[in-house]
Each structure stands twice: as C-alpha cells, then as structure tokens.
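The values are calculated or read from the model by the stated rules, or taken from the named source; none is laboratory data. Nothing here was measured: the structure is a model prediction, and the numbers come from that model. Here Cβ is always computed from backbone atoms with ideal geometry, including for glycine, and neighbour counts include all displayed protein chains. For accessibility, only protein heavy atoms count, side chains too; no ligands or nucleic acids. Shrake-Rupley method; radii C 1.70, N 1.55, O 1.52, S 1.80 Å.
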Amino acid sequence: MLRQKITPQETATIKKIFHECKNVVIVCHTSPDGDAIGSSLGLYEYLIRKGKNVHVIVPNYFPDFLHWMKDADKIILFERHKSLSYNLINMADLICCLDFNDIKRIDELGTPIGRARCKKLLIDHHLNPDKSKFDLCISYPELSSTSELVFRIIDAIGAKDSITFAAAEDLYAGMATDTGFFSFNSNNPDIFVIISELLRKGIDKDLINRRIQNNYSADRLKLIGYVLYEKLQVFPDIHASLFAIRKEELTQFHYLKGDMEGIVNMPLQIRGHKLSICLREDTEKPLVRVSTRSVDDFPCNELCAQFFNGGGHKNAAGGTLECTMDEAIDIVMKALETWTPILQKEESNS
C-alpha cells in the first residue's frame, strides 16, 4: 500500500481547486525533460477527463524522444506561439506550474504567468520553492520526480481509478527519466508501489524504456563517441571530469534537441568517480548550459548554485552561464579547485 504524503489540508484544497476550475493552463520549466513533459501530460489527461478545458504550454522545444506521448502534439511552444499563449493564460482560472520551484525557471514565459490574476498551483520536487508566487504550493523535494507527485495527488483525492492508460504511460516515463531509469534517487519502496499501479493500467514499461532510450539518430552515437574520445577531461586526483562542446561541434553532428541527454552520466562509470560536468554552448542563445551529475553525498545543487546560477537535486543539477565557452571553462576550474577538499574526502560506494 502506498504511504500517502499529501496532507489532508492539501488534499481538500486541491479537490476544491480542481472542482471549481474550468480553463486550465499547465506550464513546466525551460528545456523540458521527461519529468516535466510526463507530469504535465499526466495531469492534462486527468483534467481533460474531468471535462476541463486544458492547455499545456512549455517555454521552448522538448526532446524528440518524448514526442511519442499521447497529445504531445498538442503542447504549445511559447517561443513560437506567444500571442496564443498570452490569450490562453489570460483566459485561465487555474495555472498549474509543474517541475520548477521559481518563476525564473520558465524565462520569458514567467512574465504572463506572474501577471495572471487567476489561482496558481505549484506541484514540484525541487528544493526551496518560492511559495510567494502561488496560491497553493505542493512541494516534496524528497520524492523521485514531479510525476510521482502528480500520481500521489490524484491518489490522495481518491481518483486513482480515473488514471488512464495514456496518463500512466506519461507518469511512468517522467519517473523513469528523472531517476536515470531508477538508478538514482529511487530507493523508496513507494516508487515501486506506484510503478505496480501504473503497470495495472496496462502499460508496457519495457516498450516505454525503448521509446526513450533507443530513439536517437546515428549522429547521436557519433556525437557520444566524439565527446568521450576527443572532449572528455578526467581529473583522477579529485574523481571528477569535464567535457565542453561548442555550437559548431554540435552542428557537425546535426544536433537535435535531446541528443546530449544522458551523456553527462557516462563519466560516472569510471571507478571511484564522483562528479561529472558538461558544458554545452546553446545553439539558439548566447549562453553556456551547465549539467552536473554526482554520486553519493556530493551536492551538485550547491555547486551549481554557487558557480553556475542554477540548482536542482543533490546528484543532478544544472545552470547557465552568460559568457564565452573559454570563460565558462575557467569558472568550472575555479569551482573544482574550491570543491577539491570535498571531492578528495568523500568515499564513493559506486
């Protein structure tokens, strides 16, 4: 049996909000990942079945390997459809903000969301949510994913039976991708209770895994080989690594959104490795995107908050740097120097 975390007060408030709303907008963070899209479409499916008028708006493009999800083609890209997005937000009587802890995480989309006078509901699992911007904040950082939290909310309000096959696929995909297919942040037995409930809806988890993991171009494999052979710098004394890839290099491999997904995890396969850092020059904006992964107790979120204008989870975090790639590499080297005592002291169980 699932141990419920949603409080009775939260449950009653959510029930009331969902009952009263008619026009709903669901938004998630910039550069949406599997959990952002999975939780958004899972909640979308539930609210549509309740007869609500629902639209999902995301700040920008999401990876091709998530486009198989039912109704993914109905997701509105704010950067391409700003007028439509503004109109839908203005008409909404409820805005559900999923998988981010601060309006700043949705970039330009944050302007109309912040100005909207309707009710705003935050559903998230990141640390330190800015509760001041929301009427209700459902935040549980200890959970594996926002998709897990969406399932728990639907279960808490007594609507588990209304979860459709499509919603079950969405929520499983979100949980799987945000835990590295249950290789980190997934030791809570409740996670597998939820998976068993989703399997009872008839989903094929093996097929979903293949749709996500085996859905790339040949150029993506060549890109991985190039990154690992030509770009990876390993610092064995501090059990850390860095690779930095520039815009022109991505173009060489016909880069598509999502092609870099998961590569930052690969250096953690090195025996004793504790920290992997990826720098990627954005193909559309003059900035460098930072991704970090770690094992055990090394706090990626603290590292990213201190040096990369970001944050996230303990073992998976990111940020952005508005500078050149060379300057970004210098910042990483300063960060590694600062954190060397911790990296050398930590004992890894990997």
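Numerical summary
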| read-out | value |
| --- | --- |
| Every pair of residues 6+ apart whose Cβ atoms lie under 6 Å, when the first sits in region 63-74 and is surrounded by 14 or more Cβ atoms within 10 Å (Cβ to Cβ) while the second is of a type outside the set (K, R) and outside any helix (DSSP H, G or I) | P63/G258; D64/L256; D64/G258; F65/N215; F65/G258 |
| Residue check for V264: under 24 Å from A176 (Cα atoms) and touching a strand residue (DSSP E or B) at 6+ places or on another chain (Cβ under 6 Å) | yes |
| Residue list for region 55-110, filter: farther than 20 Å from G42 by Cα and of a type in the set (D, E) | E79, D102, D107, E108 |
| Boolean, Q344 is without any contact (Cβ under 8 Å) to a residue 12 or more places away in the chain, open to solvent by 30 Å² or more (accessible area, probe 1.4 Å) and polar (S, T, N, Q) | no |
| Residues (among the β-branched types (V, I, T) and either in contact (Cβ under 8 Å) with a residue 60 or more places away in the chain or at positive phi (or both)) located in region 234-281 | I238 |
| Residue in region 24-32 that is under 18 Å from C118 (Cα atoms), out of contact with any Phe, Trp or Tyr (no Cβ under 9 Å at 6 or more places or on another chain), touching a residue at least 12 places away in the same chain (Cβ under 8 Å) and not hydroxyl-bearing (S, T, Y) present | yes |
| Out of L136, L127, L122, sole residue that is open to solvent by 30 Å² or more (accessible area, probe 1.4 Å), touching a strand residue (DSSP E or B) at 6+ places or on another chain (Cβ under 9 Å), more than 17 Å from E45 (Cα to Cα) and among the hydrophobic types (A, V, I, L, M, F, W, C) | L127 |
| Contacts under 9 angstrom Cβ, first residue in region 120-148 being under 18 Å from G310 (Cβ atoms) and β-branched (V, I, T), partner open to solvent by less than 30 Å² (accessible area, probe 1.4 Å) and part of a strand (DSSP E or B), 6 or more apart | T146/C28; T146/L98; T146/I123; T146/D124 |
| Selected residue (criterion: nearest to G312 (Cα to Cα)) from residues of region 139-180 that are in contact with a Leu (Cβ under 7 Å, 6 or more places away or on another chain) and open to solvent by 10 Å² or more (accessible area, probe 1.4 Å) | P141 |
| Residues that are small (G, A, S) and in a loop (DSSP other than H, G, I, E, B), drawn from region 103-139 | A116 |
| When residues of region 169-192 are limited to those that are small (G, A, S) and farther than 15 Å from S40 by Cβ, the one modelled with the highest pLDDT | A176 |
| Single unsatisfied condition, E261 versus (1) modelled with pLDDT of 95 or more; (2) surrounded by 15 or more Cβ atoms within 10 Å (Cβ to Cβ) | (1) |
| Within region 172-287, helices (runs of 4 or more DSSP H) holding 3 or more residues that are of a type outside the set (S, T, Y) and more than 22 Å from F62 (Cα to Cα) | 189-200 |
| Given (1) modelled with pLDDT of 95 or more; (2) over 21 Å from R117 (Cα atoms); (3) buried (at least 16 other Cβ atoms within 10 Å of the Cβ), number of the condition D93 does not satisfy | (2) |
| Residue in region 25-42 that is farther than 22 Å from L256 by Cβ, open to solvent by 60 Å² or more (accessible area, probe 1.4 Å) and not in a loop (DSSP other than H, G, I, E, B) present | no |
| Lone qualifier among F235, F192 - being surrounded by 15 or more Cβ atoms within 10 Å (Cβ to Cβ) and farther than 23 Å from F18 by Cβ | F235 |
| Selection within region 294-308 - of a type outside the set (V, I, T) and either closer than 10 Å to K274 by Cβ or open to solvent by less than 50 Å² (accessible area, probe 1.4 Å) (or both) | S294, D296, D297, F298, P299, C300, N301, L303, C304, F307, F308 |
| Members of region 324-350 that are modelled with pLDDT of 95 or more and either closer than 26 Å to D130 by Cβ or of a type in the set (D, E) (or both) | D326, E327, D330, I331, A335, E337 |
| Pair list, Cβ < 8 Å and 6+ apart or interchain, from region 315-330 residues that are closer than 16 Å to L275 by Cβ and open to solvent by 40 Å² or more (accessible area, probe 1.4 Å) to residues that are among the β-branched types (V, I, T) and outside any helix (DSSP H, G or I) | none |
